[in-house]
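Input: a single structure, listed below in structure tokens.
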Amino acid sequence: MEIPVIDFNELEGEKRKETMSLLHQACEKWGFFQVENHGIDKKLMEKVKQLVNSHYEENLKQSFYESEMAKSLKNKDNLRDTDWETSFFIWHRPKSNINEIPDLSEDLGKAMDEYINQLIELAEKLSWLMCENLGLEKGYIKNAFSGEKGPSVGTKVAKYPECPHPELVRGLREHTDAGGIILLLQDDQVPGLEFLKDGEWVKIPPSKNNTIFVNLGDQVEVLSNGRYPSALHRVMALKNGNRLSMATFYNPAVDAVISPAPTLLYPSHYTFQDYLQLYASTKFSDKAARFNSMKKMGNGHHNLLS
């Protein structure tokens, strides 16, 4: 099963229509996809990954393997309600907490800030493209996600260490993401991430050439009235290799009020007789226009049928 790949270079030329269609299908049928030629500085991405890996080796690895969870697994206890990961969370917007993360080097802090500034631009471009495909105004998603200080942005930085008994524990249990648009910079060597598609778990390969992996969260599903669903995913524990994962969440602000976009709602509060009356004159026309007429009628424009 081949994961959709969106090439941003093709959005500027003759293949724009084809690429937009591919993005729409990826959002509608998959809930996840990869982005190539995204415009983020790849040397910077490599630097961030290197600094995060060093941070893990110097500050997190020993304490992880000395934890009670790791000791329990060494004794072959089955850890059903536990995740085999070590992680920390950095808030970027509306207010950063990067200077409060224990033992985080100044180099990593600066590199992360620069990377996130570029990544937010990518998230907003994706939101504009999704709006276009959904027939919404360009800034609809960003505006819907914005509270008084704009959308919320944060990054979960995680390592999935080598596991002595991967059959007894998940790296990260099955879940959908609560937020909006998730942009993942992941390991280029170690696999483990899996997404559910049509009842089957799809193995996501390591990200070569620093492609960005994107998946949609629950709030995009709500805002799109189910058109763009969030996807169930998990991380498998592995006996060999320490997997890096940096998932940045472009989310609604905590005070944002989320609801389906009105233009994406089906019509409601009409009688079947009214629908049949309109149907008689529009049977061989596009049903979307008919639904839109019924929505207007439901909003008080009853003269549509006269």
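Residues in segment 1-41 that are part of a helix (DSSP H, G or I) and of a type in the set (S, T, N, Q): 9, 19, 21, 25. Sub-7 Å Cβ pairs linking a first residue in segment 263-291 that is polar (S, T, N, Q) to a second residue that is open to solvent by less than 80 Å² (accessible area, probe 1.4 Å) and part of a loop (DSSP other than H, G, I, E, B), at least 6 apart or interchain, are 263/135; 263/136, ordered by first then second residue.
Residue by residue through segment 177-206, note down the ones that are over 21 Å from residue 163 (Cβ atoms) and not in a strand (DSSP E or B). Hits for segment 177-206 are 177, 178, 179, 180, 198, 199.
Just checking, does segment 224-237 include any residue being out of contact with any helix residue (DSSP H, G or I) (no Cβ under 9 Å at 6 or more places or on another chain) and charged (D, E, K, R)? The answer is yes, given that some residue of segment 224-237 is out of contact with any helix residue (DSSP H, G or I) (no Cβ under 9 Å at 6 or more places or on another chain) and charged (D, E, K, R). The condition (being modelled with pLDDT of 95 or more, outside any helix (DSSP H, G or I) and farther than 26 Å from residue 168 by Cβ) is satisfied by just one residue among 129, 108, 104: 104.
Looking across segment 132-145, the residues that are part of a helix (DSSP H, G or I) and open to solvent by 20 Å² or more (accessible area, probe 1.4 Å) come down to 132, 133, 140, 142, 143, 144. You will find that of 66, 58, the residue that is out of contact with any Lys or Arg (no Cβ under 7 Å at 6 or more places or on another chain), surrounded by fewer than 16 Cβ atoms within 10 Å (Cβ to Cβ), over 18 Å from residue 187 (Cβ atoms) and modelled with pLDDT of 95 or more is 58 and no other.
A residue that is part of a strand (DSSP E or B), within 27 Å of the chain's Cα centre (by Cα) and either of a type outside the set (Gly, Ala, Ser) or within 30 Å of residue 142 (Cα to Cα) (or both) occurs somewhere in segment 251-266. The number of residues in segment 216-230 that are outside any loop (DSSP other than H, G, I, E, B), open to solvent by 10 Å² or more (accessible area, probe 1.4 Å) and not acidic (Asp, Glu) comes to 2. A residue that is in contact (Cβ under 8 Å) with a residue 40 or more places away in the chain, more than 18 Å from residue 249 (Cα to Cα), acidic (Asp, Glu) and in a helix (DSSP H, G or I) cannot be found anywhere in segment 166-173. Could you look through segment 282-306, keep only residues that are open to solvent by less than 90 Å² (accessible area, probe 1.4 Å) and more than 17 Å from residue 263 (Cβ to Cβ), and pick out the one that is modelled with the lowest pLDDT? Selected residue: 305.
The values are calculated or read from the model by the stated rules, or taken from the named source; none is laboratory data. Quantities reported herein were computed from a predicted structural model and do not represent experimental measurements. Positions of Cβ are backbone-derived with ideal geometry, glycine not excepted, and every protein chain shown enters the neighbour counts. We work out accessible area using only protein heavy atoms, side chains counted, and drop any ligands, DNA or RNA first. Shrake-Rupley method; radii C 1.70, N 1.55, O 1.52, S 1.80 Å.
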